[in-house]
Amino acid sequence: MKITRVTSRVVDFPLDREFHPAWARGRNQPNLLMVLLEVETDEGITGYGAAHAGIETAIAIERFVAPYFVGRDPTRVERLTAVLRDAEILGPPVYCMEIPLWDIIGKLAGLPVYKLWGGYSDRVLAYCATAEVRSPEQRVRDLEAIADEGFRAVKLRFHRADPRDDIRVVEAVRAGLGDRIDVIVDANQAGVEPGHEGHATWGFRLAVEVALELERLGVLWLEEPLPRHDYDGLSRLRGKLSGLRLAGGEDNHGLHEFRLLLQRRCYDILQPDALLSEGISQLRKVAAFAQAEGCLMVPHTWGNGMGLLANLHLAAAVPNCSHLEFPHDPPSGWTADARDRMLAEPLWIDSEGHVRVPDRPGFGFLLDEEQIEHHTVAVIQTPSDDETASTRAFSVAVGGDGDG
């Protein structure tokens, strides 16, 4: 089997309501932008994947990945992953390109990917990952609805100028919902979006004060309380806690960084993302590293339903994953339905708050071809070696203008 063609399709789905994620400094995010990846083979099997990105990643794949994938055996994943590591030196991370390879292998074997990787479980407990900063009263009302939907855990964002105002939200949730729902907090201090106003990180002393307050309130874990490379600070902070766990890693890249995070005892929970951090099967190695140190691996996921589904397979395959991140923050524009618009069957939780892995070969992507075609804004295609250079395709504004 050989790869014959690589296609990157930039898709721009508009959101139907405003969405102000905490990390964007008040900016409204009007859309879900993604790259749909297609890897075709000479045996008629096509593997799919997705990037949480736009045209910059599609171009990087066309320049630095596709020429080295076409003509190669897609089942030689360990060899092809080396291409992805080298490509990161020259452009944005393209580890997402390992996902279509495993989709092909699963289809070839007739098995879901998580079963190829050991199949530890066929479902994972979801936590509802919110994104906006809201008043204590509003957040309590919203979480009552989320608990009624069946979620057993929720993640809140801390992004106010004074963290004591964020802590008041947790206090209000505890008072209003009690132990009905577990609480997780994300400080988003590890890495921030660029902007004109500098983002003031907490620093070690403030991180300790906040963490101790959250420990008192029975929070499950605190994510990214310090910059991602502050190994000393993270280790010192972790040493001051007894009940609250520290989590992070979504902005770290490569096996070497995750090994270092464990060696320096920075986190109780590693949170790599299969679209950004490393090749998805490489993150099974990260899970094994973590397990050997008595730590968990709970994958980060945010950008789109295909990425969530890929991370679900990873989470279900390993024995030391306790939860699955499930982005969903109504009544904003970022809901499960909006997140999964490219899928014909959106993901949802069962009656016990778990997400079940679809029992379909590969990653089980069922694409909504009509939605994807309508909202495609660019296509970049790399042909096989036996096709002429004139057949290389690059088109913009194909199938719609992306504004719905």
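What about Ile104, is it open to solvent by 10 Å² or more (accessible area, probe 1.4 Å), part of a helix (DSSP H, G or I), touching a residue at least 12 places away in the same chain (Cβ under 8 Å) and not basic (Lys, Arg)? Steps first, answer last, please.
On the way: open to solvent by 10 Å² or more (accessible area, probe 1.4 Å): no; part of a helix (DSSP H, G or I): yes; touching a residue at least 12 places away in the same chain (Cβ under 8 Å): yes; not basic (Lys, Arg): yes.
So Ile104 fails the test.
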| Cβ pairs under 6 Å, 6+ apart, first in segment 286-306 and outside any loop (DSSP other than H, G, I, E, B), second hydroxyl-bearing (Ser, Thr, Tyr) | Leu296/Ser322
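Do we have Glu62 as in contact with a strand residue (DSSP E or B) (Cβ under 7 Å, 6 or more places away or on another chain), assigned to a helix (DSSP H, G or I) and open to solvent by 10 Å² or more (accessible area, probe 1.4 Å) here? Break it down into steps so the answer makes sense when it comes.
Values: in contact with a strand residue (DSSP E or B) (Cβ under 7 Å, 6 or more places away or on another chain): yes; assigned to a helix (DSSP H, G or I): yes; open to solvent by 10 Å² or more (accessible area, probe 1.4 Å): yes.
Spelling it out, Glu62 is indeed in contact with a strand residue (DSSP E or B) (Cβ under 7 Å, 6 or more places away or on another chain), assigned to a helix (DSSP H, G or I) and open to solvent by 10 Å² or more (accessible area, probe 1.4 Å).
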| query | How about segment 173-277: which helices (runs of 4 or more DSSP H) wholly inside it have at least 2 residues that are within 21 Å of Pro319 (Cα to Cα)? | reply | 255-263
| note | Contact list, first residue from segment 69-89 and closer than 15 Å to Thr382 by Cβ, second anywhere and open to solvent by 60 Å² or more (accessible area, probe 1.4 Å), beta-carbon distance below 7 Å, six or more apart or interchain, is Val70/Asp385; Gly71/Lys2; Gly71/Asp385; Arg72/Lys2; Leu80/Arg72; Val83/Tyr68
| request: Would you mention how many residues in segment 130-159 are touching a Leu at 6+ places or on another chain (Cβ under 8 Å), in a loop (DSSP other than H, G, I, E, B) and closer than 13 Å to His328 by Cα? | output: 1
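Give me the residue from segment 245-275 that is of a type in the set (A, V, I, L, M, F, W, C) and out of contact with any Lys or Arg (no Cβ under 7 Å at 6 or more places or on another chain) and, out of that set, surrounded by the fewest Cβ atoms within 10 Å (Cβ to Cβ).
At the first step, the residues of segment 245-275 found to be of a type in the set (A, V, I, L, M, F, W, C) are 246-247, 255, 258, 260-262, 266, 269-270, 274-275.
Applying the additional criterion that residues be out of contact with any Lys or Arg (no Cβ under 7 Å at 6 or more places or on another chain) yields 247, 258, 260-262, 270, 274-275.
On the way: Ala247: 25, Phe258: 27, Leu260: 14, Leu261: 26, Leu262: 18, Leu270: 28, Ala274: 28, Leu275: 32.
Selected residue: Leu260.
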| message | Which count do you get for residues in segment 145-160 that are crowded, with 20+ Cβ neighbours inside 10 Å, of a type outside the set (A, V, I, L, M) and touching a Ser or Thr at 6+ places or on another chain (Cβ under 9 Å)? | response | 2
| Residues being part of a loop (DSSP other than H, G, I, E, B) and either among the hydroxyl-bearing types (Ser, Thr, Tyr) or in contact with a strand residue (DSSP E or B) (Cβ under 9 Å, 6 or more places away or on another chain) (or both) - total across segment 65-100 | 9
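Does Asp329 satisfy being buried (at least 21 other Cβ atoms within 10 Å of the Cβ) and among the charged types (D, E, K, R)? Walk me through it before giving the result.
Values: buried (at least 21 other Cβ atoms within 10 Å of the Cβ): yes; among the charged types (D, E, K, R): yes.
It is true that Asp329 is buried (at least 21 other Cβ atoms within 10 Å of the Cβ) and among the charged types (D, E, K, R).
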| task | Would you be able to say whether some residue in segment 298-321 is of a type in the set (Val, Ile, Thr), buried (at least 24 other Cβ atoms within 10 Å of the Cβ) and touching a Cys at 6+ places or on another chain (Cβ under 7 Å)? | result | yes
| said: Taking the criterion of being among the small types (Gly, Ala, Ser), part of a helix (DSSP H, G or I) and touching a residue at least 40 places away in the same chain (Cβ under 8 Å), would at least one residue in segment 46-58 satisfy it? | reply: yes
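Test Ser351 against the stated conditions and say whether it is within 22 Å of Asp148 (Cα to Cα) and either open to solvent by 40 Å² or more (accessible area, probe 1.4 Å) or modelled with pLDDT of 95 or more (or both).
Working: within 22 Å of Asp148 (Cα to Cα): yes; either open to solvent by 40 Å² or more (accessible area, probe 1.4 Å) or modelled with pLDDT of 95 or more (or both): yes.
Judged against the criteria, Ser351 is a match.
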| task | Could you figure out which of (1) assigned to a strand (DSSP E or B); (2) closer than 26 Å to Asp329 by Cβ; (3) open to solvent by less than 40 Å² (accessible area, probe 1.4 Å) isn't true of Val39? | result | (2)
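The values are calculated or read from the model by the stated rules, or taken from the named source; none is laboratory data. Everything quoted here is computed from the prediction, not taken from an experiment. Here the Cβ is made from the backbone with ideal geometry for all residues, glycine too, and neighbour counts use every protein chain on show. Just the protein is used for accessible areas: all its heavy atoms, side chains included, with ligands, DNA and RNA removed. Shrake-Rupley method; radii C 1.70, N 1.55, O 1.52, S 1.80 Å.
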